[in-house]
Amino acid sequence: MHLYKKTAVLLLSLLTLGIFIDQSASAQGYIDEDFLDNLHNNAAGMLKESNAAFNVQTIPSKWEKESAVIIGYSRSVLFDRKSSGGFFSRRERSLYFFEKTRFRIQVNDNNSVESLSTIYFRYGSKVDGFIARIIKPGDTAVDIDLKNAVAVENGSPIPQFFQSFFDKVAYSEYQYYKVPIANLEPGDILEYVTTTKSRLDVTASGYVEFEPAYEVCSKEYPIMHNEIIVETDDKSFFKSLSLNGAPTFKKESTSESGFFRYVFADRDRDVEKDVNFVSPFLQYPFVKFQVIYSNNDQAKGVLIGAKGELKTSFTKQELAKKAWEDYEMVSNQVMSPGVTVQMFVNACWGELVKLGAKEMSQKQYINTVYYYLRNKIVFMRDYMSDKQFAFIYGSLLYQKDIKSEIIITAANNIGLLKQALFDQEIRYIIKVGDKFYFNATDYSNPDELTESLLDNESLIITKPEKKTGTQEIKEFKLPATKSDDNSSHYDIRALLTEDMKSIMVRRISNYTGISKSRSINSALKFTPYMFEDYKNFGGEDPTIKMKGKLADEYQSSVRTIKDEYKKQKPDFVKESLSSEFHRRVNNAKFTLTTDGRTEKKNVLTFSEEFEFPDFVRKAGKKYLVNLTALTGPQLQIKDEERIRQHDIDVRFPKKYSWTIEFKVPAGYKIEGLAELNQTVDNETGGFSIKAKEENGFVKLDIAKVYKAKNISKTKWNDMLAFIDAAYASTFKYILLTPNK
């Protein structure tokens, strides 16, 4: 079957299936009672282990008013000794690793009781164990009954205190369960211990790279003792880096030859007070680490040190060399059963030739290839990695002798490139002339920037010379944006219902730049943008070469999806508006004007019609109307956040603007309009309202601007000036007074 037709039909079927899977709740099965005793017995020994941190009877007085205090949090990971030196043998094709966790917290108020009213645990084999108990004042311990534990739906979020380090590597081997706690009260201590065994099939590989772990020292509550212990065998590589004042991993000796032990310990850690405009990995103390298993000390394209070495950094030259090796190895990666990346590139080139690629101008071809690949991605279950996309895109440009350069960097919400420690942290970008081509999403256009890669320090890398191994490396700064580049504009028309209780609203939203990228996924959910996506690269309607039953099945699937979208979109819009405005919404409608997914129409524009019931307050014969509330809730900075500890990270400069037009009801006049006018402006940003009455309408022009991405904490009061003004504005009313 034709490559495109086969892909389209197959993925459309998967898409159809996905819709119904996403919308249906998985049955929550109860845990098998036969294994409840096993769970208890397997974990019981952990409660007897000596650990002074878990024997603390009182919490520090400085934290008595905190909602809760974590007394101890210990996680220990052990790689199976039986696997050492043999797990890649013919007899042993699985790597086993064991994880033990002990957690102890004192709850001090009803908020923390509510937050911890449900506990979670992993269960995957007969050797897994779990015990949870409540310790009442007076040291009376009561075990929590697990017979009512139910399976958690796949994909549901698991609170951080109950997550395993190995959720991604052994996903198919276990199930999370949850169980409610009925008798937890302020003053109680909640404690749990868990032990799990995970298996990873390594039949096809002599190399296992575990997901990097990022441990932010501060938690939701103050923490008295936090430790992580990792024990690995002599086939391991261990990397870690502590930043922003976090403790480091320490290498300790072990009783068994060929094993290595790494220990992280953090104590007396308070809660961070700065919660707005913060990138935790850039500003909070944290440690990141990773374990890699490999039979080859010099594995290509892998950022590793020596076995048994506690590797904490790589030079610019090491990063560039490994990044290029990794890039070249992409060609042999398997994209789908029987199809390598290089085979995919060859097939894509063949399709592009049929579309007239050889006759296209350079600019036309560059954009066509981008939209062609984006179309493939639209129908893929997962996005390509940056290096996959860069390799495929760069290879297809090479077919037309279009020279491109490879840029590597790191996401600016994770850290600097010079702090990169893991392959997963290196991001790849293709540069052609002065244009940049980032990894495509369902919604991106050529040369559109990516939020986490703005203004980044980066390297342009080249292929090392064969004879000398010398590699040319150029330092490079990726482009930044200005506030006007990333705009959110709302054109709002509003009028009261006849009973003067509710307000009917029509809002037209326009998004550009990074603000569009932030909003587009929600805006296009349950809209069938994918079915005409082929037009953006000049492709054929997938039904053209379909015949008979195949064409009928395709059309039937499309109709089913569109009908399902049409049914679900109004409810989704209603829920989204209710969440945005924090109030009840009636009669929600949505109309898409432009989806922002083409170069010519790159602004996302859509309209919503909705009604806020009970929006108006009555005062005798007068009515109070809060028009500024139509901007949506504004950020409130609480008292404890007003003394700034960290520099300010806004993520990207941006501008919000609202034009609000309100029809004055017949027989009424407006009072209090002048009091709305205000302007706050400084080097960090600004907020302004211009209000007037004209031809029977109240007209408000409102703007809020963040002028820079990174701002010194010394300018915090300047930011508070316009943030506070915006927040206060949402509580201002105009008064409708009868003319007579």
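No lab work stands behind these numbers, since they all come straight from the coordinates. Just so you know, these numbers come straight off a predicted model, no measurement behind them. No Cβ is skipped: glycine too gets one built from the backbone with ideal geometry, and neighbour counts run over all protein chains shown.
I'd like the Karplus ³J(HN,Hα) series for the range 243-257: coefficients 6.51, -1.76, 1.60, θ = phi - 60°, whole numbers in Hz, and an x wherever there's a Gly or Pro.
Result, ordered by residue: 9, 6, x, 6, x, 9, 5, 10, 7, 10, 6, 10, 7, 10, 5 Hz.
What are the aspartates and glutamates whose alpha-carbon lies under 20 Å from the alpha-carbon of K482, with same-chain residues fewer than 8 places away excluded?
D434, D447, E448, E451, D455, E457, E599, D647, D649, D681, E683, D718
Order the peptides 332-344, 605-617 from the highest to the lowest mean number of other Cβ atoms within 10 Å of their residues.
605-617, 332-344
Can you give the charge dipole size of the range 322-479 about its Cα centre, rounded to the nearest 20 debye, using +1 on the beta carbon of Lys and Arg and -1 on the beta carbon of Asp and Glu? All intermediate terms of the calculation are to be shown ahead of the outcome.
On the way: 19 positive and 21 negative charges, 91 e Å.
Dipole magnitude for the range 322-479 comes out near 440 debye.
Determine, from the Cβ-Cβ distance of Y398 and T58 and an R0 of 56 Å, the FRET efficiency 1/(1 + (r/R0)^6), rounded to the nearest 0.05.
0.25
First measure r as the distance between the Cβ atoms of K547 and E153, then evaluate 1/(1 + (r/R0)^6) with R0 = 35 Å and state the FRET efficiency to the nearest 0.05. Can you show the working numbers first?
On the way: r = 40 Å, r/R0 = 1.16.
For K547 and E153, the calculated efficiency is 0.30.
Assign unit charges at the C-beta atoms only (+1 for Lys and Arg, -1 for Asp and Glu), then state the dipole size of the range 532-582 relative to its Cα centre in Debye, rounded to the nearest 20.
Dipole magnitude for the range 532-582 comes out near 200 debye.
Check L303: other-chain or 5+ apart residues with amide H under 5 Å from its amide H, H built from backbone geometry?
Excluding prolines and chain starts, which carry no amide H, the hits are D423.
Which cross-chain or sequence-distant (5 or more) residues have an amide H under 5 Å from the amide H of F438, H modelled 1.01 Å from N in plane?
For F438, whose amide H was placed from the backbone, the distant partners under 5 Å are D447, E448.
Just how far, in whole angstrom, is the range 115-141 from the range 576-642 if you go by their alpha carbon centroids?
43 Å
Which order do the peptides 406-415, 554-563, 705-714 come out in when sorted by mean C-beta neighbours inside 10 angstrom, highest first?
So the order, starting with the most tightly packed, is 406-415, 705-714, 554-563.
Hey, what did the chain get for relative contact order, percent, Cα under 8 Å, at least 6 apart?
10 percent.
With the cut-off at 31 Å, tell me which of the pairs K545/K601; K431/K601; K418/K715; K618/K715 have Cα atoms farther apart than that. Display every interim value, and only then the final one.
On the way: K545/K601 29 Å; K431/K601 23 Å; K418/K715 28 Å; K618/K715 42 Å.
Where the Cα-Cα span goes over 31 Å, the pairs concerned are K618/K715.
Treating only the Cβ atoms of Lys and Arg (+1) and Asp and Glu (-1) as charged, compute the dipole magnitude of the range 559-647 about its Cα centre; round to the nearest 20 debye.
Approximately 440 debye in magnitude.
Contour minus end-to-end for T737 and T118, with contour as 0.36 nm per residue of separation and end-to-end as the Cα-Cα distance?
Stretched fully, the T737-T118 segment lengthens by 217.7 nm.
Need the full-extension length gain, D701 to I135, defined as separation in residues times 0.36 nm minus the C-alpha distance. One decimal, nm.
Full extension of this stretch gives 198.0 nm more.
Just to check I understand the Karplus step: with θ = phi - 60° and J = 6.51 cos²θ - 1.76 cosθ + 1.60, what whole-Hz values come out for the range 541-552, glycine and proline as x?
4, x, 7, 4, 9, 8, 10, x, 4, 4, 5, 5
Post the alpha-carbon centroid distance, the range 496-573 to the range 412-465, in whole angstrom.
30 Å
From the phi of every residue in the range 325-331, what ³J(HN,Hα) in whole Hz does the Karplus formula 6.51 cos²θ - 1.76 cosθ + 1.60 yield, where θ is phi - 60° and glycine or proline is x?
After applying 6.51 cos²θ - 1.76 cosθ + 1.60, I find 4, 4, 4, 5, 6, 4, 4 Hz.
Calculate, for T527 and R642, the FRET efficiency according to 1/(1 + (r/R0)^6) with r their C-beta to C-beta distance and R0 25 Å; round to the nearest 0.05.
0.05
At N677 and K65, where each label point lies 7 Å from the Cα along Cα→Cβ, what is the point-to-point distance in nanometres?
Those two pseudo-labels are separated by 4.3 nm.
Show which aspartates and glutamates lie in cross-link reach of K219 when reach means a straight Cα distance below 16 angstrom and same-chain residues fewer than eight apart are skipped.
Counting by Cα, and skipping residues close in sequence, K219 has these aspartates and glutamates nearby: E66, E227, D266, D268, D270, E272, D274.
For the chain, what does the helix formula give at 222 nm: sum of -39500 (n - 2.57) over DSSP H segments with n ≥ 4, over the residue count, nearest 500 deg cm²/dmol?
Details: 11 runs with 161 residues, N = 740.
Only helices count here, giving -7000 deg cm²/dmol.
Would you kindly state how much longer the chain becomes between R584 and D499 on full extension, computed as 0.36 nm times their sequence separation minus their alpha carbon distance, in nm to one decimal?
28.8 nm
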